[in-house]
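Below you'll find the structure, written out as structure tokens, and then a few comments.
The values are calculated or read from the model by the stated rules, or taken from the named source; none is laboratory data. Quick caveat, the model's predicted, so the values are computed rather than measured. Note that we place each Cβ from the backbone using ideal geometry, even for glycine, and neighbour counts take in every protein chain shown. Quick note on the areas: whole protein, heavy atoms, side chains included, nothing else; ligands and nucleic acids left out. Shrake-Rupley method; radii C 1.70, N 1.55, O 1.52, S 1.80 Å.
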Amino acid sequence: MEKFERLDGLVVPLDRANVDTDAIIPKQFLKSVQRSGFGPNLFDEWRYLDHGEPGMDPASRRPNPDFVLNQPRYQGASILLARDNFGCGSSREHAVWALLDYGIRVVIAPSFADIFYSNCFKNGVLPITLDAATVDRLFRSVEAQPGYRLIVDLVRQRITLPDGEEIAFEIDAFRRDCLLAGLDEIGLTLQHADEIRAYEERRRREAPWLFVDL
Amino acid sequence: MSGRTLYDKLWAEHEVRRNDDGTSLIYIDRHLVHEVTSPQAFEGLRLAGRRPWRSGAVLAVPDHNVPTTARGAGIADPVSRLQVETLDRNCAEFGITEFTMDDPRQGIVHVIGPEEGATLPGMTVVCGDSHTSTHGALGALAFGIGTSEVEHVLATQCLVLQKSRNMRVTVDGTLAEGVSAKDLVLAIIGAIGTAGGTGHAIEFAGEAVRALSIEGRMTVCNMAIEAGARAGMVAVDEKTIEYLRGRPYAPKGELWEQAVASWRSLHSDADAVFDREICLDAGRIAPQVTWGTSPEMVTDIEGRVPRPAEEADPVRRRDLERALEYMGLKGGEAIADIRPDKVFIGSCTNARIEDLRAAAAVVRGYRLADNISLAMVVPGSGLVKRQAEAEGLDRIFREAGFEWREPGCSMCLAMNADRLAPGERCASTSNRNFEGRQGKGGRTHLVSPAMAAAAAVAGRFVDVRHWDYR
């Protein structure tokens, strides 16, 4: 996993609540057996006027000029500003893969759906929860100031605004450390292999029916 | 010290270790796998040179991409076919039990788990699928995970998790005739919102929940995620035990007796304290119909579509306007005046035998309305299909003009060939009415099986409480 320490990035605002993972990456693109290549189809149904299918050349598509990602001022954005309950719905990690593949490394919202939130950390994407009033203020600033950028510092857990103001954010320690180090969580868990085996041995005595192989 | 909730008990029993940072390493008893969210996980294992920790704990089945028409010809779409073949190959390589597409037991992963007795009370159950919460109906801790976590469970049989908060939704009273588990859960989501359970594990309790069959409880737990909760659950009772008795993978003989004795403790203690409590009166719940693009955008059959002008909050008003525009509604329409073009009866929410029976009872002796261009029934599994056919339900549906299909996820998410065309309106027993969920531009109204069946016959939404059964 790519590690995350600090990012100075352009912000793109997506001003709607309850953005679900079906919207982030529609189902026809989930047929891929790869982890990459989802970026051109991020928000496909909002981003294009024609119907997208896997394998289509993005250059041949009809972009929806009204959709934020297609507006020239937001090209190259790496920070997505969103509303409540971002990433609700399906558990598809493809949603995070699509954001990452497009170039988004930070999503800021007042709240996230649980599975999406957890999926972000497995892929080097940082979801930041800020109170609704602060998010609202950021929306207004982004709209008012073309080229609006933020500096996100995970070590200090601070967001720096263009005028130098700093906003602190919360994140749990384990997830932060994994992201900072780009750690392989499976490798970490396997360091406790003996404890897992001891647990299995005890449970096998207490609840043997759980260990009947299928 | 106060008592423990069902969730507290399930969590504690599966805690391998507690880390200094407050997370826990949680042991996973049952891992369900389907073709969409697993290929990258298996590939990750291979790249790291790892093997599954306990392949005997894993059950795999292709369900999202499979065709629901005749299977003999295989899958026409080469991309879908590759994904299903990749699952077959991965299961063969890693020694994982799979019900392949032509297996009579194949079906939607959340239907076959309980049906086979492969998911049991007291288990931790995961799957790369948000509707894994379904299995909580058996008194299990069951929740959806992402693909990285699928790989983590394959490699370690564990997950690093932060414990959720406890929430209880108590529904007392009695559901009226014709009002089902689906109406109950839609009413709950309408009351607490799609983020109402975020960060919580929900226990569904109360007289009306206890009165539900296990299938009905599965419908309720299935949609816990639509209320934002990763896990939903119901305490074990005699119905749970009777449901599981004799299932193929359920314990047998002495092991069964031992298991049942243990399962009887799977309920919240009387003095357990929940972080959040919600109470509803079942007697006040009427058949529900969603009108928007989020499951919380719901009202009952006697209701009307809301008018954006009456919404004070500007963000909500904009979302409401956007939803109505997408749905082709102006606001203010009576639900009973909405006319669907298609009807879909199926999905992990509502494709069990009880659901098909409820729908068939409504349809019996009637024909599809003229404005219904397609009505399809997609059983949840091969065994549900066989049972329904043994009861003659397929004939009732066919005679009314419904299509009777092969099992799979089908038009719940339209990854296979079954989908809506832009602008088409569908009465659907599935779980999500998101934009584009059933096909780009498709308009979904979530309802119960009986309500979907009645809409197919009447050509508009009607109150199934007053249905003239033939």
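Could you pull out every one of the helices (runs of 4 or more DSSP H) wholly within segment B:192-255 that has 1 or more residues that are open to solvent by less than 10 Å² (accessible area, probe 1.4 Å) and among the basic types (Lys, Arg)? Quick ask: steps written out before the conclusion?
Working: elements: B:207-210, B:214-222, B:238-244.
Result: B:214-222.
Condition test on residue B:164, is it of a type in the set (S, T, N, Q), more than 12 Å from chain A (Cβ to nearest Cβ) and in contact (Cβ under 8 Å) with a residue 60 or more places away in the chain?
Numbers: of a type in the set (S, T, N, Q): yes; more than 12 Å from chain A (Cβ to nearest Cβ): no; in contact (Cβ under 8 Å) with a residue 60 or more places away in the chain: yes.
Here the answer is no, as residue B:164 does not meet what is asked.
Does residue A:116 count as part of a helix (DSSP H, G or I), closer than 28 Å to residue A:28 by Cβ and facing chain B (nearest Cβ under 9 Å)?
Values: part of a helix (DSSP H, G or I): yes; closer than 28 Å to residue A:28 by Cβ: yes; facing chain B (nearest Cβ under 9 Å): yes.
Against the criterion (part of a helix (DSSP H, G or I), closer than 28 Å to residue A:28 by Cβ and facing chain B (nearest Cβ under 9 Å)), residue A:116 qualifies.
Condition check: facing another protein chain (nearest Cβ under 8 Å), within 20 Å of residue B:128 (Cβ to Cβ) and either assigned to a loop (DSSP other than H, G, I, E, B) or open to solvent by less than 30 Å² (accessible area, probe 1.4 Å) (or both). Does residue A:30 satisfy that?
Working: facing another protein chain (nearest Cβ under 8 Å): yes; within 20 Å of residue B:128 (Cβ to Cβ): yes; either assigned to a loop (DSSP other than H, G, I, E, B) or open to solvent by less than 30 Å² (accessible area, probe 1.4 Å) (or both): yes.
Against the criterion (facing another protein chain (nearest Cβ under 8 Å), within 20 Å of residue B:128 (Cβ to Cβ) and either assigned to a loop (DSSP other than H, G, I, E, B) or open to solvent by less than 30 Å² (accessible area, probe 1.4 Å) (or both)), residue A:30 qualifies.
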Q) Do we have residue B:428 as touching a residue at least 24 places away in the same chain (Cβ under 8 Å), in contact with a helix residue (DSSP H, G or I) (Cβ under 9 Å, 6 or more places away or on another chain) and open to solvent by less than 10 Å² (accessible area, probe 1.4 Å) here? A) yes
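Quick check on residue A:124: is it in a loop (DSSP other than H, G, I, E, B) and within 12 Å of chain B (Cβ to nearest Cβ)?
yes
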(Q) Looking at (1) in contact with a Leu (Cβ under 7 Å, 6 or more places away or on another chain); (2) open to solvent by 10 Å² or more (accessible area, probe 1.4 Å), which one does residue B:178 not meet, given that it meets all the others? (A) (1)
Q. For segment A:128-160, what are the residues that are under 21 Å from the mean Cα position of the chain (by Cα) and either exposed (fewer than 11 other Cβ atoms within 10 Å of the Cβ) or assigned to a loop (DSSP other than H, G, I, E, B) (or both)?
A. A:130, A:131, A:148, A:154, A:155, A:156, A:157
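Filter segment B:360-379 down to the residues that are free of Cβ contacts under 8 Å to residues at least 60 places away in the same chain and outside any loop (DSSP other than H, G, I, E, B), then identify the one that is surrounded by the most Cβ atoms within 10 Å (Cβ to Cβ).
To start, the set of residues in segment B:360-379 that are free of Cβ contacts under 8 Å to residues at least 60 places away in the same chain comprises B:373-374, B:377.
Right, trim to outside any loop (DSSP other than H, G, I, E, B) and you get B:374, B:377.
On the way: B:374: 18, B:377: 32.
So the residue we want is B:377.
Tell me the residue from B:125, B:220 that is farther than 24 Å from residue B:41 by Cβ and β-branched (Val, Ile, Thr), please.
None of the other options fit; the residue is B:220.
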Q. Here are A:96, A:152: which of them is β-branched (Val, Ile, Thr) and within 14 Å of another protein chain (Cβ to nearest Cβ)?
A. A:96
(Q) Anything in segment A:57-83 that is open to solvent by 70 Å² or more (accessible area, probe 1.4 Å) and either over 27 Å from residue B:414 (Cα atoms) or part of a loop (DSSP other than H, G, I, E, B) (or both)? List them, or say none. (A) A:57, A:62, A:65, A:66, A:72, A:73, A:75
Q) Which condition number in (1) in contact with a helix residue (DSSP H, G or I) (Cβ under 9 Å, 6 or more places away or on another chain); (2) in contact (Cβ under 8 Å) with a residue 24 or more places away in the chain; (3) farther than 30 Å from residue B:76 by Cβ is the one that residue A:70 fails? A) (2)
Q. Which one of B:339, B:357, B:386, B:395 is surrounded by fewer than 20 Cβ atoms within 10 Å (Cβ to Cβ), modelled with pLDDT of 95 or more and part of a loop (DSSP other than H, G, I, E, B)?
A. B:339
Q | Those residues of segment B:10-28 which are in a loop (DSSP other than H, G, I, E, B) and surrounded by fewer than 24 Cβ atoms within 10 Å (Cβ to Cβ), in sequence order | A | B:14, B:19, B:20, B:21, B:22, B:23
(Q) Just to check your reading of the model, which residue among B:297, B:327 is away from chain A (no Cβ under 14 Å), within 23 Å of residue B:440 (Cα to Cα) and open to solvent by less than 60 Å² (accessible area, probe 1.4 Å)? (A) B:327
Q) Which one of these does residue A:37 not meet: (1) small (Gly, Ala, Ser); (2) assigned to a loop (DSSP other than H, G, I, E, B); (3) open to solvent by less than 10 Å² (accessible area, probe 1.4 Å)? A) (3)
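Residue B:418: under 23 Å from residue B:454 (Cβ atoms) and surrounded by 22 or more Cβ atoms within 10 Å (Cβ to Cβ), yes or no? Before the answer, list the steps.
On the way: under 23 Å from residue B:454 (Cβ atoms): yes; surrounded by 22 or more Cβ atoms within 10 Å (Cβ to Cβ): yes.
Answer is yes for this residue.
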(Q) For the structure I just gave you, tell me whether residue B:185 is more than 9 Å from every other protein chain (Cβ to nearest Cβ), in a strand (DSSP E or B) and out of contact with any His (no Cβ under 6 Å at 6 or more places or on another chain). (A) no
Q.
So residue A:208 ticks every box in (1) within 8 Å of chain B (Cβ to nearest Cβ); (2) closer than 26 Å to residue B:23 by Cα; (3) touching a helix residue (DSSP H, G or I) at 6+ places or on another chain (Cβ under 9 Å); (4) open to solvent by less than 40 Å² (accessible area, probe 1.4 Å) but one. Which box is left unticked?
A. (2)
Q.
Just checking, does segment B:407-414 include any residue being surrounded by fewer than 19 Cβ atoms within 10 Å (Cβ to Cβ) and touching a residue at least 60 places away in the same chain (Cβ under 8 Å)?
A. no
(Q) Against the conditions (1) modelled with pLDDT of 95 or more; (2) facing chain A (nearest Cβ under 10 Å), where does residue B:22 fall short? Just the number, please. (A) (1)
Q.
Suppose we keep only residues that are over 21 Å from residue A:70 (Cα atoms), open to solvent by 30 Å² or more (accessible area, probe 1.4 Å) and outside any strand (DSSP E or B) within segment A:1-17. Which one would you say is nearest to the other protein chains (Cβ to nearest Cβ)?
A. A:1
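Identify all residues within segment B:398-417 that are under 20 Å from residue B:80 (Cα atoms) and outside any helix (DSSP H, G or I); write none if there are none. Reasoning before the result, please.
Restricting attention to segment B:398-417, the residues satisfying the condition of being under 20 Å from residue B:80 (Cα atoms) are B:405-417.
Those that are under 20 Å from residue B:80 (Cα atoms) and outside any helix (DSSP H, G or I): B:405, B:406, B:407, B:408, B:409, B:413, B:414, B:415, B:416, B:417.
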